[in-house]
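Right, one structure below, let's go through it.
The values are calculated or read from the model by the stated rules, or taken from the named source; none is laboratory data. Remember, predicted model here, so these are calculated numbers, not experimental data. Glycine also receives a Cβ, built like all others from the backbone with ideal geometry; neighbour counts cover every protein chain displayed.
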Amino acid sequence: MRSFRNIFLYECLFALTFWKHCSLSVENELFISASNDFPEDGSDKKTKSLPLLYTNSHQSKANFDWVVIQNTTESLSLSEITNDNVKKLVALLSNFRRGSGLQNLTLTNVSVDWDALTEILQTVWHSSIEYFNINSVTQLSNIKTYDFDYSGTSMKALTVKKVFITDLYFSQDDLYKIFADMNIAALTIAESEMIHMLCPSSDSPFRYLNFFKNDLTDYVFQKCDKLIQLETLILQRNKFESLAKVSFMTSHMKSLKYLDMSSNLLSHDGADARCQWAESLSELDLSSNQLTDVVFECLPVNIKTLNLQNNQIASVPRGVTELKSLAELNLALNRLADLPGCSGFSSLEFLNTEMNLILTPSADFFQSCPRVRELQAGHNPFKCSCELQDFLRLERRSGGKLAGWPAAYLCEYPSALRGTQLKDFHLSELACNTALLLVTALLLTLVLVAVVAFLCIYLDVPWYVRMTWQWTQTKRRAWHSRPEGQETVLQFHAFVSYSERDALWVKNELIPNLEKGEDCVQLCQHERNFIPGKSIVENIITCIEKSYKSIFVLSPNFVQSEWCHYELYFAHHKLFSENSNSLILILLEPIPPYIIPARYHKLKALMAKRTYLEWPKERSKRALFWANLRAAININLPVADGERSGETD
Ligand SMILES: *[C@@H]1O[C@H](CO)[C@@H](O)[C@H](O)[C@H]1NC(C)=O
Ligand SMILES: *[C@@H]1O[C@H](CO)[C@@H](O)[C@H](O)[C@H]1NC(C)=O
Ligand SMILES: *[C@@H]1O[C@H](CO)[C@@H](O)[C@H](O)[C@H]1NC(C)=O
């Protein structure tokens, strides 16, 4: 059989310009076809089954009879019409004169030649039949001019599907003319690989033309001004390439309302192609073509419904076209990166942007498109981030205008959130709102400052901190210098020096507090432990030398009356070097710097270092003061020495 195929292909080359099907007749019973097997569902699946074998078996079996599929008063459906039974069929159909009941006739598996087919058509034309369907016309051959009588018909619609022409050489016009000039409202020639159709020779009553799935090109109906009543034109699945040419094709179709150009090869070269559409055109299907953004420069001005699904549109250019009547726009399956605005489409009510590349839809959509009633934006690769929050708010405010919500709206990025419904995606307001974040941080800082200020002002925290610091420092120093302190054995823990005017405080506060309790501190007061016959300074020095520490109760009084005794002593005595820890200063009252005479260098130096303990006015702070003082004194006297001076208060 391979060789048959080769012969067939060779013959086919000669027939390329004609209706594309061709087959080779081998004897009377065997036919080989390279054509589609005409799938009943209308799918494009080419089955190229070669060779396909017909062996007119029905003829012998059914005595040249057709097969009756349906037989009622109104409709008749027959199958297996051949050249052998066609005379009988014509005779039968001749009975159904105009006015009889039969309305619908369907013929399937018609394998007749051109003469027979025209005879059937002519008979039907003068019968009562209104709807005539012919499916699967195989072996159409001997095509030649036929002078068809169109007069006096009841016909409303003729539907021819899957016509298969076996002729290799014929004038195409003979074939097309008979269909083009039909005086009926609706004509369908589908799935027949028809490459052309003629313009009717006079004004045509066609209101509906359907050439679904053929091989028609841009040359069809160019400059054809006879289709003035045509309302619906379906050219789905053909080979149209130029959108501009299609627009010019429609420009003479004054009544055209609906045009289906889907699944062609349409593109538009915006630069040098002008467009001119029928003004009446209100519904246009341009889906599944190769159109890009420039398609918006070539659209019918009065369009109401526009289908641009499955093209290559990346964005809807603003301000290019004004389609005032556009109510429904389908942009699904394109390459849109964002929702288009409605700047040119003031009447838009339905918008479909499913299956595009929209990561973050702009949130001002419903503001710019106030008349939109439904937005289908699902199945986009949404990026779930802060920017999307605005869109989610938009969804909440839109009042259910978002079709397919929530199931069709899933996060695609980041990958951790992939598959999460947008409905379940939440980021806190704070994480996304920079201004809010700043305000919050500012507020927190203010609160912190306020708390710190409050603590400082009302609770004197810095004082506590300073005292605690001093206390720990003294403890640390005492720890490190302990071994040294045990070498010399001294009589007193501390020597206390103070002004007479502060004596009351020393007697009522200092001494009772230091000398009470278990770790009783023994103090040397130059009054109390006064050795007669010695000068004040000598007594003081004796006292200092018998004690581990020297406590000075500083006040303006003290500076003015007592310090003079010490300034000279300190100047010569290494014992009280700057870093000495045997010196304890208690600041009973603040001493303004001007009170300190210029010659008191030592005192000035000590005051500048601020290493004194301040006597707190508040009772609550005093415990810490005493603890600090005790820590500073912190020396264990060798009790065994028993050199207790016997002084008690
Ligand atoms: C249809 O049915 C009628 C009556 O039942 C019969 O006379 C007629 O021959 C049938 N037509 C065909 C085409 O079989
Ligand atoms: C005849 O065919 C037309 C169109 O296909 C259909 O609308 C109508 O219902 C049919 N009539 C009968 C009686 O089958
Ligand atoms: C038409 O012919 C094909 C192939 O012989 C057959 O499969 C199909 O059933 C026929 N159709 C009808 C309606 O008889």
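Observations, loosely collected:
- Restricting the first member to the stretch 76-102 and to residues that are free of Cβ contacts under 8 Å to residues at least 40 places away in the same chain, and the second to residues that are within 16 Å of ligand 2 (Cβ to nearest atom) and part of a helix (DSSP H, G or I), the beta-carbon pairs closer than 8 Å and six or more apart or on different chains are 93/124.
- Considering the stretch 76-104, the residues that are within 14 Å of ligand 3 (Cβ to nearest atom) and aliphatic (A, V, I, L, M) include one that is surrounded by the most Cβ atoms within 10 Å (Cβ to Cβ), namely 81.
- The C-beta contact set for the stretch 254-277 (first residue within 19 Å of residue 227 (Cβ to Cβ) and touching a residue at least 40 places away in the same chain (Cβ under 8 Å), second residue surrounded by 20 or more Cβ atoms within 10 Å (Cβ to Cβ) and of a type in the set (A, V, I, L, M, F, W, C), distance under 7 angstrom, 6+ apart or interchain) comprises 255/230.
- Note on the stretch 421-447: among residues that are farther than 22 Å from residue 373 by Cα and of a type in the set (D, E, K, R), the one that is nearest to the chain's Cα centre (by Cα) is 424.
- In the stretch 301-351, of all residues being surrounded by fewer than 18 Cβ atoms within 10 Å (Cβ to Cβ), over 22 Å from residue 363 (Cβ atoms) and aliphatic (A, V, I, L, M), the one that is modelled with the lowest pLDDT corresponds to 320.
- Selection count where residues are more than 16 Å from ligand 3 (Cβ to nearest atom) and closer than 25 Å to residue 79 by Cα, scope the stretch 149-165: 7
- Yes/no for residue 162 being within 19 Å of residue 214 (Cα to Cα) and out of contact with any His (no Cβ under 9 Å at 6 or more places or on another chain): yes
- If you go through the stretch 230-272 and keep only what is in a strand (DSSP E or B), of a type in the set (A, V, I, L, M) and over 14 Å from residue 287 (Cα atoms), you end up with just 233.
- Within the stretch 161-181, the set of residues being among the polar types (S, T, N, Q) and either assigned to a helix (DSSP H, G or I) or crowded, with 16+ Cβ neighbours inside 10 Å (or both) comprises 166, 172.
Yes/no matrix, rows are residues, columns are (1) of a type in the set (Gly, Ala, Ser); (2) over 18 Å from residue 103 (Cβ atoms):
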position: 124; (1), (2): no, no
position: 136; (1), (2): yes, yes
position: 140; (1), (2): no, yes
position: 149; (1), (2): no, yes
position: 156; (1), (2): no, no
position: 159; (1), (2): no, no
position: 175; (1), (2): no, yes
position: 180; (1), (2): yes, yes
position: 188; (1), (2): no, no
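- Among the numbered conditions (1) part of a strand (DSSP E or B); (2) more than 27 Å from residue 204 (Cβ to Cβ); (3) more than 16 Å from ligand 2 (Cβ to nearest atom), the only one that residue 92 does not meet is (1).
- Only one of the listed residues (143, 178, 129, 165) is within 16 Å of ligand 1 (Cβ to nearest atom) and in contact with a helix residue (DSSP H, G or I) (Cβ under 9 Å, 6 or more places away or on another chain). That residue is 129.
- Residues of the stretch 318-339 satisfying the condition of being in a loop (DSSP other than H, G, I, E, B) and either in contact (Cβ under 8 Å) with a residue 60 or more places away in the chain or under 20 Å from residue 380 (Cβ atoms) (or both): 331, 332, 333, 334, 335, 336, 337, 338, 339
- Looking only at the stretch 126-160, and only at residues there that are among the small types (Gly, Ala, Ser) and either within 16 Å of ligand 2 (Cβ to nearest atom) or assigned to a loop (DSSP other than H, G, I, E, B) (or both), the one that is surrounded by the most Cβ atoms within 10 Å (Cβ to Cβ): 127
- Considering the stretch 400-420, and only residues there that are over 16 Å from residue 350 (Cβ atoms) and of a type in the set (A, V, I, L, M, F, W, C), the residue that is nearest to the chain's Cα centre (by Cα) turns out to be 411.
- Cβ-Cβ distances below 8 Å connect the following pairs, each with a first residue in the stretch 607-635 that is charged (D, E, K, R), a second residue that is in a loop (DSSP other than H, G, I, E, B), and a separation of six or more residues or different chains: 609/578; 618/460; 621/460; 622/616; 630/519; 630/521.
- Residues of the stretch 518-537 that turn out to be modelled with pLDDT under 70 and either within 60 Å of the chain's Cα centre (by Cα) or under 18 Å from residue 569 (Cα atoms) (or both), as a count: 1
- Of all residues in the stretch 391-409, those satisfying the criterion of being assigned to a helix (DSSP H, G or I) and surrounded by 15 or more Cβ atoms within 10 Å (Cβ to Cβ) are 391, 392, 394, 395, 398.
- Considering (1) within 14 Å of ligand 1 (Cβ to nearest atom); (2) under 60 Å from the mean Cα position of the chain (by Cα); (3) closer than 24 Å to residue 156 by Cβ, the lone condition that residue 80 does not fulfil carries the number (3).
- Verdict on residue 463 being at pLDDT below 75 and exposed (fewer than 10 other Cβ atoms within 10 Å of the Cβ): no
- Residue 288 under 27 Å from the mean Cα position of the chain (by Cα) and part of a loop (DSSP other than H, G, I, E, B): yes
- Residue 367 vs. criteria polar (S, T, N, Q) and under 14 Å from the mean Cα position of the chain (by Cα): no
- The residue of the stretch 71-85 that is farthest from ligand 2 (Cβ to nearest atom), among those that are among the hydroxyl-bearing types (Ser, Thr, Tyr) and in a strand (DSSP E or B), is 82.
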